[in-house]
Amino acid sequence: MLGLKYIKNSPTTYLFKYQNGSLKNKGVGLSFFYYAPITTLVSISIGSEDVPFIFEETSSDFQTITIQGQVSYKITDVHKIAKLMDFAIDSNTQKHISHDPQKLPQKVINQVQVITNKAVAKLPLADVLISVEEIAKEVYQAIPNSAELNSLGIEILSFSLLAIRPNPETSRALEAEARENLLKKADEAIYSRRNASVEQERAIKENELNTEIAVENKKREIQEAQMEAKKAIQAQKHKLKESKMNSKIIIEEKNSKLVDLAMVNAKKESDAKAYALEVLMKSLENVDTKTIQAITSSGMSPDQLIAQSFQDLANSSQKIGQLNITPDLLKELLNKDK
C-alpha cells in the first residue's frame, strides 16, 4: 500500500506517534507500521552522550587559558525536551527534520562553559593551572543547579577536565619562571647542603674540642684526686709521726721521772752508805790499823792475800834492801791468771 511504512527503534530511543495531531502511541524501542501521510513521529535518543569540548576562558589576573575536557549527559525527561526542541523525523526518510538534535550537545557545552567560567574567573593563572581536579569537582557539583539543563530534562552523568593550558607566550614565561625557581631551589639546595656540611664539620670540631676539654677535666680531676690522696697520706703520716712523737714524749717524760726517781733513790742509798761508813769510821777511830787489816783480810782468797802482800811490799819498798821471788811462786800466780 502506498504510504504505508514500518519503523523499528532501539531500546535507547523514545518515540512519539501522532496521527492527525493526536498522540496515538509512545514508548521506548517501539516497532510498528504507520501511514506516512497522516503520521508525525518524534524520535528522542535517551542514551548517554559523550561530548568533548575545548574553549577559552580568562583567569582573575586576565590571562587567557584553554580548557579541554569532556561531558557525558542523557535525556531523562523526554516530555520537557520535546516541548522545547524539535525532534520530529520525516515520515518517509525517518530522519530528523530540524537541526535541534545537533544543537543539543552545544547547548550542554554552553551551560558547562558558563559554570566553568565562574570557577576559573575567581582564580589567578598559577592557581588555575594547579587546581584542575578542584575546578572539575566544583563545576560537576554546580551543574545540577543549572536552570536551563533542568528545563530541558537533561542529567549530567560525568564531567572531566583533561587539560588547562595558557597561551604559548604565557606558557613560555611560566616555563622560564618555573625554570628560574627550579634553579633557585637547586642553588638553595646546594647552599643548604654546603651549610649542612659546614654545620656538621663545626659540630664535629665542637665535639672534638668538648672531648679534649672533657679529657683535660678528667685529667685534672685525676690529678686533684691523686693530690688529695697524697695529701691524705701525708696527713696520716703526720698524724702517725705526731702520735709517735707524743708517745716518745710520754716515754721520755716517764724516763725523766724514772731517772729523777733513780737519782733520789741513789742519793738515798749513797746517803745510807755514807751514814753507815761514817758510823763505821767512827767506830774504827780508836782501832789499830793492823787490826783493821786483819779484819779485812779475813775471808779473802789466797790470791787476794798475795796481792795485798805485794801491795804492802810496794808501800815499804824504801825499807827493803833486796827481795827474792822464787820462780815457783810466779809460775803458780801465772797459772791462776789463766
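Nothing in this text is a laboratory measurement; each read-out follows from the coordinates by a stated rule. As the structure is a prediction and not an experimental result, all values here were calculated from the model. Positions of Cβ are generated from backbone atoms using ideal geometry, with glycine treated the same way; all protein chains shown enter the neighbour counts.
Structure notes:
- Residues 146, 10, 48 arranged by fewest to most Cβ contacts within 10 Å: 10, 48, 146
- Under a 5 Å amide H cut-off, with hydrogens placed 1.01 Å from N, residue 154 pairs with 76 among residues at least 5 apart or on other chains.
- Amide H contacts of residue 19 (H built 1.01 Å from N, under 5 Å, at least 5 apart or other chain): 24, 40
- Sorted largest first, the principal axis extents computed over the alpha-carbon atoms of the stretch 76-162 equal 56, 21, 18 Å.
- Inter-label distance, residue 180 to residue 247: 9.8 nm, where each label sits 7 Å from its Cα along the C-beta direction.
- For 270, 59, order by how many other beta-carbon atoms lie within 10 Å, fewest first: 270, 59
- Annotation: lysines with alpha-carbon distance below 27 angstrom to residue 74 (same-chain offsets under eight excluded): 8, 17, 24, 26, 83, 95, 103, 107, 118, 137.
- Ranked list, fewest to most other Cβ atoms within 10 Å of each Cβ, for 156, 54: 54, 156
- Here is the P(r) of the stretch 36-130: all C-alpha pair distances, binned every 5 Å from 0, give 2, 11, 18, 17, 13, 11, 9, 8, 5, 3, 2, 1, 0 in whole percents.
- Net length available on complete extension from residue 103 to residue 238 is 36.5 nm, with 0.36 nm assigned per residue and the Cα-Cα distance removed.
- Highest to lowest packing among 163-169, 212-218, 128-134, scored as the average C-beta count within 10 Å: 128-134, 163-169, 212-218
- Over the stretch 4-166, relative contact order from alpha-carbon pairs under 8 Å, at least 6 apart, %: 25 percent
- Förster radius 22 Å - calculated FRET efficiency between residue 121 and residue 172, Cβ distance, rounded to 0.05: 0.40
- Dimensionless Rg over Rh [the stretch 4-166; C-alpha; Kirkwood]: 1.12
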